[in-house]
Structures are given as C-alpha cells and as structure tokens.
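**Student:** Handing you a structure now.
The values are calculated or read from the model by the stated rules, or taken from the named source; none is laboratory data. No experiment lies behind these values; they were computed from the predicted model shown. Note that each Cβ is placed from the backbone with ideal geometry, even for glycine, and that neighbours are counted across all protein chains shown.
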Amino acid sequence: DAGVTQSPTHLIKTRGQHVTLRCSPISGHKSVSWYQQVLGQGPQFIFQYYEKEERGRGNFPDRFSARQFPNYSSELNVNALLLGDSALYLCASSPIVGATDTQYFGPGTRLTVL
Amino acid sequence: GQSLEQPSEVTAVEGAIVQINCTYQTSGFYGLSWYQQHDGGAPTFLSYNALDGLEETGRFSSFLSRSDSYGYLLLQELQMKDSASYFCAVSPTNKLIFGTGTLLAVQP
C-alpha cells in the first residue's frame with residue numbers, strides 16, 4: 001500500500017507570492033494534518049481536517065489556509081509568503097481523528113522563500 | 001503552554017545502548033509518542049506510552065512517568081542506521097506537540 005504522498009517535493013518562491021501544497025493520505029485514512037518544520041526544530045501543528053471539516057488549528061496567521069476534498073486529499077495554501085515561511089511542510093494522515101491515533105507522515109515539501 | 005525538552009545531541013558507538021530523555025510541561029495529554037526522522041525526511045512512528053511504565057518494541061523501548069513529567073526512549077544494540085533525529089511528542093487533543101528533538105550520532 002502506498003504511504004502518504006506529497007507534492008511538490010521542493011519549491012522555490014519569492015516573498016509575496018502564493019503557494020499550494022498537496023497531500024494524499026494513506027488509503028482508508030480520513031484525517032489529514034499539516035505541520036511546519038523549520039530547520040533544527042520539531043514539527044509544529046498547523047491544521048487538522050477530518051471528513052472535510054477543520055478539526056484543529058495551530059498558532060499560525062490567517063495567511064495559512066487548508067481544505068480537504070471528498071477523496072480525503074488535502075491542500076495547504078500560504079499567501080503573501082515571508083522569508084520565515086521557508087520550512088519543510090509535512091502532511092500526516094490517520095484513520096480517524098482520535099488523540100491516540102498514530103499519525104503517518106509523508107516525505108514533506110521543502111519550501112524555500114527568497 | 002506546553003513544552004517538551006530534549007538534549008540537542010547524543011553520541012554513542014555501534015552496539016551500545018543509548019537513552020534519550022524528554023521532560024515536559026503540559027497541562028494534560030493522552031500519551032507520549034516517539035518519532036524518528038532521518039535527515040529531514042518523513043518522521044516515522046517508533047513507540048507510544050498511554051500509561052506509565054515501559055513499552056518494548058524490538059530494539060526500542062519507551063518509558064513514561066507522569067508524576068515526574070518525564071519519559072525516555074531507549075535504543076539497544078545501536079546500528080549505524082539509527083543515526084537520525086528523535087522527537088518525543090504529546091497528544092493533548094487530536095494534534096501532536098513535538099519536543100525540541102535529539103540528534104543521535106552513532107559512531108563505528
């Protein structure tokens with residue numbers, strides 16, 4: 001079975017631009033979460049979606065938004081990019097949305113903002 | 001707020017045993033997890049403690065003491081491929097809060 005997939009693998013943008021990152025969860029998983037990992041730090045929670053509804057939001061500005069589609073795939077959008085948005089963006093899926101569920105991470109999208 | 005502190009780096013030799021500690025300040029959580037991450041790749045799940053005590057999974061064991069706000073990951077029979085970053089994480093709700101991460105270097 002395929003794991004969590006993310007696209008693109010790498011992305012270079014300039015300040016002020018907009019970016020869309022995509023994630024496909026493991027087949028049968030209905031919950032998708034997004035994390036930002038700055039170099040040298042642990043991942044930080046951005047959003048969680050379950051059955052197309054937002055179930056959690058981390059401490060990120062409104063420039064960050066996300067959505068989940070009927071096939072449970074998800075997009076993360078970031079507007080008005082700042083240099084500080086340069087990071088590895090990780091997507092994780094789990095079967096449901098319980099707190100004890102193991103989350104399965106994708107390989108991430110490395111975003112560089114110049 | 002919630003914070004989880006880990007040593008930034010640990011070095012050990014092949015075949016040895018190493019312990020990576022995690023101390024936390026959090027108001028409540030369901031369990032303590034451990035994830036391994038190689039060189040900026042996908043974090044992979046290693047172990048989960050819902051209750052106090054020791055959980056063993058092959059060469060990896062994890063321990064949790066809620067009264068001491070402390071946990072650790074124990075890696076036995078270290079191999080070169082164990083060189084990676086290790087993160088503890090708590091799940092107070094349906095999200096993961098990660099620790100600061102420990103870079104483990106295994107030397108021959």
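**Student:** Can you tell me which residue is surrounded by the fewest Cβ atoms within 10 Å (Cβ to Cβ) among those in region A:33-43 that are of a type outside the set (A, V, I, L, M, F, W, C) and within 17 Å of residue A:77 (Cβ to Cβ)?
**Tutor:** For region A:33-43, the residue satisfying everything is A:36.
**Student:** Could you grab me the full set of residues in region B:1-33 that are among the aromatic types (Phe, Trp, Tyr) and touching a Gly at 6+ places or on another chain (Cβ under 8 Å)?
**Tutor:** Answer for region B:1-33, where residues must be among the aromatic types (Phe, Trp, Tyr) and touching a Gly at 6+ places or on another chain (Cβ under 8 Å): just B:24.
**Student:** Would region B:77-84 turn up any residue that is in contact (Cβ under 8 Å) with a residue 40 or more places away in the chain and touching a Ser or Thr at 6+ places or on another chain (Cβ under 6 Å)?
**Tutor:** No, every residue in region B:77-84 fails to be in contact (Cβ under 8 Å) with a residue 40 or more places away in the chain and touching a Ser or Thr at 6+ places or on another chain (Cβ under 6 Å).
**Student:** Same structure again: Test residue A:90 against the stated conditions and say whether it is in contact with a Gly (Cβ under 7 Å, 6 or more places away or on another chain), more than 10 Å from chain B (Cβ to nearest Cβ), surrounded by 16 or more Cβ atoms within 10 Å (Cβ to Cβ) and among the hydrophobic types (A, V, I, L, M, F, W, C).
**Tutor:** So residue A:90 fails the test.
**Student:** Does residue B:42 count as at pLDDT below 95 and over 11 Å from the mean Cα position of the chain (by Cα)?
**Tutor:** So residue B:42 passes the test.
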